Amino acid sequence: MSKIIANLLTQSALLFIAYALLALLGAVKFLGNDPLSSALPYHQVAPWSAVLLRLAIMSGLLASGLKMFADSVPSDPLENAESASQSARILNYTAQGWTVFVIVAFLFGALGLLDGRYGMELPVFLSIIQAILMALFVSVIAINARPLNHSLAVWLMGMFISTLCTFTTVISPSDPLQAQTVATVAAGVNLNVAQMIAAAAILFWLLGHDQSAQDETAVYLYAGTLAVTGALVTLAPLNLLSANSAFLSVLALIAAAGAAVIFIRWITISVKQAAGWVTLAAFLLLCGLSILGGFSAVGSISRWTLGTRLSDLQVTLISLAVMTLVLAMNEAYENKTRTNRAQLPFWLISGGILIAGFGLAGAGLVQTYLERIVGVGYLETQTYIQPLYAVWTLGLVALLLGAVGYTLSQVFRRT
Amino acid sequence: MVKRLFFAISVVASLFIVVIVTSGWFLSQDLPPEVAAGYNVWQENGCIGCHTLYGQGGAFAPDLTHIYEQRGADYLREFMVNPNAFHPDQRLMPRFGLTVNETDNLLAFLDWATKQEPAVRWPPRLIAVSGSGSLTVAAVPEITAPEASPQDAAIARGRAIYSRAPAVCSTCHSLEPEVRLVGPSLYGIATTAAERVSGQSAEDYIRTSILNPSDHIVEGFPDAMQKNFAETLSADEINDLIVFLLTQER
């Protein structure tokens, strides 16, 4: 099983490089005249990079679950009983199927064959294949995980919801409003609820909080409050368009604050065990879900910021938080208590995310003020915020270099 | 046990809230065939990859929630045929080579989208869509018809100045009622201008608004109009533009 985990983590790292490259190509297009506007237009680059990031995260989450599963028992749990060896075969085929699926999805993006559905860009048949493969991974772990420790239980819940959401994306209503609702709910719950729950499990596992009853309380409380916050963040774009959202707004702020407080309370107990990646992921989760997410769930705020770069920033931060946890899991693959070995890539990725986040946040704030409050036209506003786009691009250059350096360091370490 | 219960309840409650709040959105409605066909064009060409609709989608190009009421069908049809002619030095929209039928269907979809409930509630303030560059609207007539009277020729020249560089007034001012771009709609400006300032004729009001825009700021609009038309337009061009605008009566 260790080979499967290593392969999935390598796939995740390679997909992350491809994402970083495409995100950079997309950002360059915001800076002015783009020589690739016809050959590689933005409406091809953006969905492709989004799909690659989601696949990088999912490959990493699956690998992380398998790693937690493998570590939960003394010997390889799939090498003993006859039923277990049957599970091992299923797991092997599923892992191979996942690799083929990832390659096909990559090629679909390269050929511009992705669907024009925001948040659900994979064609329906690929979504079905993805959901089946995820269901197989989750089923094998759920059936064989005895005893079931709490980190793994929380991870399983997250991945179960994520699998359901992936199945939901196959629904393609003919009514545009229905279609947008399905996309928002499926993609939003997948990222903001399911992946947050799975991320919470990985985070506490990496911190070493998976032994005592107190640790158990922490992971359940944290994952629970993240789930509530994530659900309310998901509803923000639909909620403000349809109904009075005051109650849900207050609930979102309370849940977001609760998630932040609970996490800070527990992480400070043994922060010495947390590697740099884990700290970075925790910081990004705090900023992305608790702070930005909490505020974006408040209707009176999000009605002004919806569709600006601030919306993008929120999604990007929490996606990168989960991705950072995957990178942490990759680092901790052999020994979870060791600190960062790839220092330069760590600082390049950390700095890249922070610089890009700063640029995107600045662009979003200026865009909101000029375009939504003052009433300056869309294109004029975009011209004014080009310097901030340059900062964003600079951050993505660092992110790309860091991703390449990180992957190379992992390859050298294992060979 | 309590902590597991808390976690389980949190997860179930989260999903329950999502289902309850969004349940109203799953009510089906019958779409006119041209709107359904237009939605297919929208999806097949990946419009959402660059544009937002009801605030959701790519952020590379303007939100299209209210574009139909802001620009109107003629402008949008012209834009889709040759988008490069509109904002030559800025972000370019690829030419998708849509057929006339596909373009009509797409416009029907955008018209439909503007009239839906989310468009009524959002955005809190209409997002202005504008940009610099020449505007080559095919509807602008040729201005040197030999048989035209001097007055008609002046109106035609004024209309051209309104729509073309260097003034391109149409970028910020619509001639359609209630259509707000960057500045106020100039629908019925000949009538409105005569009533705006006591003792000032419509011609004087319009001339002042062109040469010294800050003197007459319409309530609810920013003081954002260019203030260099005295340099960029000749006296004759300004006169022709005024003659054209004075034809815009309610």
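When B:Arg121, B:Arg95, B:Arg71 are screened for being more than 15 Å from B:Thr52 (Cα to Cα), modelled with pLDDT under 85, surrounded by fewer than 16 Cβ atoms within 10 Å (Cβ to Cβ) and more than 7 Å from chain A (Cβ to nearest Cβ), only B:Arg95 passes. Checking each residue in the stretch B:14-53 for being more than 25 Å from A:Leu114 (Cα to Cα), at pLDDT below 75 and open to solvent by 20 Å² or more (accessible area, probe 1.4 Å) picks out B:Phe16, B:Ile17, B:Val19, B:Ile20, B:Val21, B:Ser23, B:Gly24, B:Trp25, B:Leu27, B:Ser28, B:Gln29. Residues in the stretch A:299-328 that are within 14 Å of chain B (Cβ to nearest Cβ) and of a type in the set (Val, Ile, Thr): A:Ile301, A:Thr305, A:Thr308, A:Val315, A:Thr316.
The set of residues from the stretch B:219-236 being open to solvent by less than 70 Å² (accessible area, probe 1.4 Å), more than 17 Å from B:Thr171 (Cβ to Cβ) and either touching a helix residue (DSSP H, G or I) at 6+ places or on another chain (Cβ under 6 Å) or within 14 Å of chain A (Cβ to nearest Cβ) (or both) comprises B:Gly220, B:Ala230.
Summed over the stretch B:223-249, the residues that are in contact (Cβ under 8 Å) with a residue 40 or more places away in the chain and either farther than 19 Å from B:Arg159 by Cα or out of contact with any Phe, Trp or Tyr (no Cβ under 8 Å at 6 or more places or on another chain) (or both) give a count of 13. Only one of the numbered conditions (1) crowded, with 22+ Cβ neighbours inside 10 Å; (2) at pLDDT below 80 is violated by A:Asp34, and that is (1). In the stretch B:181-189 there is at least one residue that is buried (at least 19 other Cβ atoms within 10 Å of the Cβ), aliphatic (A, V, I, L, M), at pLDDT 85 or above and under 27 Å from B:Ala85 (Cβ atoms). Every test in (1) more than 19 Å from A:Leu286 (Cβ to Cβ); (2) facing chain B (nearest Cβ under 8 Å); (3) open to solvent by less than 20 Å² (accessible area, probe 1.4 Å); (4) among the small types (Gly, Ala, Ser) is passed by A:Ser174 save one, and that test is (3).
Close Cβ contacts (under 7 Å, 6 or more residues apart or on different chains) running from residues in the stretch A:367-379 that are at the interface with chain B (Cβ under 7 Å from one of its Cβ atoms) to residues that are among the aromatic types (Phe, Trp, Tyr) and in a helix (DSSP H, G or I) comprise A:Glu371/A:Tyr378; A:Arg372/A:Trp304.
Scanning the stretch A:4-16 turns up no residue that is closer than 27 Å to B:His51 by Cα, open to solvent by 30 Å² or more (accessible area, probe 1.4 Å) and assigned to a helix (DSSP H, G or I). Looking only at residues of the stretch A:136-171 that are under 20 Å from the mean Cα position of the chain (by Cα) and open to solvent by 30 Å² or more (accessible area, probe 1.4 Å), we find that the one that is nearest to the other protein chains (Cβ to nearest Cβ) is A:Met157. Checked against the criterion of being open to solvent by 60 Å² or more (accessible area, probe 1.4 Å), out of contact with any helix residue (DSSP H, G or I) (no Cβ under 7 Å at 6 or more places or on another chain), closer than 30 Å to A:Ala332 by Cα and not in a helix (DSSP H, G or I), the stretch A:403-414 has no qualifying residue.
The values are calculated or read from the model by the stated rules, or taken from the named source; none is laboratory data. As the structure is a prediction and not an experimental result, all values here were calculated from the model. So basically every Cβ, Gly included, is an ideal-geometry build from the backbone, and we count neighbours across all protein chains shown. Calculation scope for accessible area: heavy atoms of the full protein, side chains included, ligands and nucleic acids excluded. Shrake-Rupley method; radii C 1.70, N 1.55, O 1.52, S 1.80 Å.
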